[in-house]
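The values are calculated or read from the model by the stated rules, or taken from the named source; none is laboratory data. Keep in mind the model is a prediction, meaning the values are calculated, not measured. Only protein heavy atoms, including side chains, enter the accessible area calculation; ligands, DNA and RNA are left aside. Shrake-Rupley method; radii C 1.70, N 1.55, O 1.52, S 1.80 Å.
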Amino acid sequence: MSTAAGGPEDFLALADSFGVDPSAEPFLVPLLRQFFYTPLPPGWQRLSTLDGEHEGFLHGPSGERLTSHPARAFFERRLEDARRHQREAAPAEIGSSESWVELYGPTGESRFHDLCSGASRSSPAPHATTHPTGFDRDLPGHESPQASPVRGREWSQRESSAKFLGLAERWPWVSGSELPPENLVFRGWFQEASGARGELVRRELTLEYNCCRGEFVVQLSGSDKEYVLSHIPGKYGAVTELDLHVGAVLQLLGKPTELKQANLETSTWIQREASRLDKLEEGLLRSVRKYGVHSTHAAGGAQAAKVVFRSLPNPAGADLRQRHTDVERLYRVLQEIRPSDAETWRRKVSQRPRTTVRIQHRD
C-alpha cells in the first residue's frame, strides 16, 4: 500500500498492512501518520495499469522497481524501534487520546478521528497526533532529544556493516575517528519559481541524515509532510556524513540546495573531526618531507597533497571527504618511500579511543 490522503478507513487499512492495531499499540499512530503523508522521493513514480490498478513503483533514473512505497522499509524499521523502546522503557500510562489522529479530507479540510471508537471532531483532542513537528528541536537554541535506547545497538550494526568496513580498509584512520552524532541536522534553501510571473521565491527546508541507517528525511518549512530519501546522489557516489557540511550543494527534491546552517551537535562533530584530520595531514607531511619529498615524489611520480590549513568562518563548513582524500594521498606516498613508517602510523591512528559528540545544554 502506498501513502495517500484519505479518511480513517484508509488509515486503518494502512495500519493493518503494517500489522499494527491502533487500539493495542496507540504509540505507533504518529509514525503511521508520517508514512501516510510521505510522498514519493524524487525520481520515483507510481505505476498503474490501463484500468487504474496499482502495479508498483519505478525509479526512473536507475530503472529500479518496487512493489511497495520506497519509504516503507524505513518506516518498518522505525516502527520496530518504537516497539523495542516501548518494551524496554518503564511502564507508563498512555491516554486514550493517543488513538486520535488528524487527517485531511479530499478538499484539504482537517478533522480529528478516534481510531478506536470511530468518533470524529473538528477540534483536536488532548495529545491528538497532528502534523510532524519537524527538526527545529535540534537546531541552535533548541533542546536536543533524548538519546535513543537502541543507539548502542545501531552503532554496533553500523560498524560491522560492509560500508564501514570498506571505508576503514581504504582509510585506516577512520577507525580512530570520533563517532558522529546519530543524526546530522542541517537547514538549507533553494530558489523556486512561483506565481504567474515566475518570480523566484526562497523555500527553506530541514535535512536530517541518520548515520546509523544512511537515510535522509527532508521537511519543507511550512509543510507537514516529510520526504524520506534512501540516498542522495553525490560527486563520489551516494552522499554520506563525509559529504555533509555547511556550503555543500545537494540535489534535494529536484532542486540544487545549499546547506546553510547546522545544529550545534552536528557543527561540533564536523569541527572536531576536521581538526583531527588536519593534524594527521600535518604529521604526514612532516614525515614525507624528512625523506626529501615535497611537491612531487620523484621515484613514483605520485603527487603529494598540498596542505592548506583552513580557517573557516563557519565550523560546520569543513569538507571532511576532501580532508580524508588529502590524508590518503600523503599516506600512499609514505607507503611507497617508507612502508614501515606508514604501517606504524596506521596502527597508531586506527587504535585511538572513539567517543561520541555529546552537547551539554544549560538549564
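Couple of notes before you dig in:
- Sequence-ordered 3J(HN,Hα) estimates for region 243-248 from the Karplus curve with 6.51, -1.76 and 1.60 and θ = phi - 60° stand at 9, 9, 6, 4, x, 5 Hz, glycine and proline given as x.
- Accessible area per residue for region 12-90 is 51 Å², calculated with a 1.4 Å probe on protein heavy atoms, without ligands, DNA or RNA.
- Placing Tyr291, Tyr104, Tyr331 in order of accessible area, with the largest value first and a 1.4 Å probe, yields Tyr291, Tyr104, Tyr331.
- Qualifying aspartates and glutamates (Cα of each under 13 Å from Cα of Lys260; at least 8 residues distant if same chain): Glu204
- Solvent-accessible area of Asp21 with every protein chain in place, 1.4 Å probe, in Å² to the nearest 10: 80
- Taking amide H atoms as placed 1.01 Å from N in the peptide plane, the amide H of Gln261 lies under 5 Å from those of Arg187, each 5 or more residues away in sequence or on another chain.
- Heavy atoms of Glu241: accessible area, 1.4 Å probe, square angstrom to 10: 10
- Measuring between alpha carbons in the structure, the pairs from Lys290/Lys348; Lys255/Lys279; Lys235/Lys290; Lys235/Lys255 lying more than 27 angstrom apart are Lys255/Lys279; Lys235/Lys290.
- The separation of region 180-246 from region 1-79, counted between C-alpha centres, amounts to 21 Å.
- The listed residues Thr206, Thr344 rank as Thr344, Thr206 when sorted by accessible area, largest first, using a 1.4 Å probe.
- Per-residue extension of 0.36 nm, minus the Cα-Cα distance of Phe18 and Ser117, leaves a gain of 33.6 nm for this segment.
- 3J(HN,Hα) couplings calculated from phi for region 59-65 with the Karplus curve 6.51 cos²θ - 1.76 cosθ + 1.60 (θ = phi - 60°) are, in sequence order, 9, x, x, 9, x, 5, 10 Hz; Gly and Pro show x.
- 3J(HN,Hα) along region 21-32: 9, x, 6, 8, 10, x, 5, 8, 4, x, 5, 4 Hz, from the Karplus curve 6.51 cos²θ - 1.76 cosθ + 1.60 with θ = phi - 60°, whole Hz, x for Gly and Pro.
- Where only C-alpha atoms are counted, convex hull volume of region 8-58 per residue in Å³: 92
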